[in-house]
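Report on the following structure.
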Amino acid sequence: MIQTTEKLVSDLASGETSDIVCMDSVADFGAPSDWSGLSAGEPEEFSAEYWADQVALDPQWSINLEGPPEGAMPGTHYPGDVFYRDIDDGLCVIDVSWSTLVAVN
């Protein structure tokens, strides 16, 4: 899943359409610059208790993205977590949760 996520980040940061997006995906992928400098974190089994907004999408996995994007400043919205569904030939992206960079004093 880490390699799959690294491919997704690379594709989207370069402005390409990724071939690992589910046909019924509701993901907002934003702009290529939103993905620049991000990398895959650690995958986890999907937790319905924590990700209530994604339950209806039937994901089996989530992975956090480490970043934030290059040049991000406080208030910047960026992709924070990617949700995957198991399919016959691997995984597909069903959604992306966005985070906001906060200032640390």
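Summed over segment 38-66, residues that are without any contact (Cβ under 8 Å) to a residue 40 or more places away in the chain and open to solvent by less than 50 Å² (accessible area, probe 1.4 Å) total 9. For first residues located in segment 86-99 and without any contact (Cβ under 8 Å) to a residue 40 or more places away in the chain, partners that are in a strand (DSSP E or B) and surrounded by 13 or more Cβ atoms within 10 Å (Cβ to Cβ) and lie 6+ apart or on another chain with Cβ distances below 8 Å form the pairs Asp86/Trp61; Ser99/His77; Ser99/Tyr78; Ser99/Pro79; Ser99/Gly80; Ser99/Asp81. For segment 73-96, a residue qualifies if it is open to solvent by less than 70 Å² (accessible area, probe 1.4 Å), in contact with a helix residue (DSSP H, G or I) (Cβ under 9 Å, 6 or more places away or on another chain) and over 19 Å from Lys7 (Cβ atoms), and exactly one does: Thr76. Against the numbered list (1) closer than 13 Å to Leu8 by Cα; (2) among the charged types (D, E, K, R); (3) open to solvent by 40 Å² or more (accessible area, probe 1.4 Å), Asp34 comes up short only at (3).
Restricting segment 24-76 to residues that are of a type in the set (S, T, N, Q) and assigned to a loop (DSSP other than H, G, I, E, B), the residue that is farthest from Leu91 (Cα to Cα) is Thr76.
The values are calculated or read from the model by the stated rules, or taken from the named source; none is laboratory data. Please read all numbers here as calculations on a predicted model, not as lab measurements. Every residue, glycine as well, gets a Cβ built from its backbone with ideal geometry; the counts of neighbours run over all protein chains shown. Accessible surface is based on the protein model in full, side chains and every heavy atom, while ligands, DNA and RNA are left aside. Shrake-Rupley method; radii C 1.70, N 1.55, O 1.52, S 1.80 Å.
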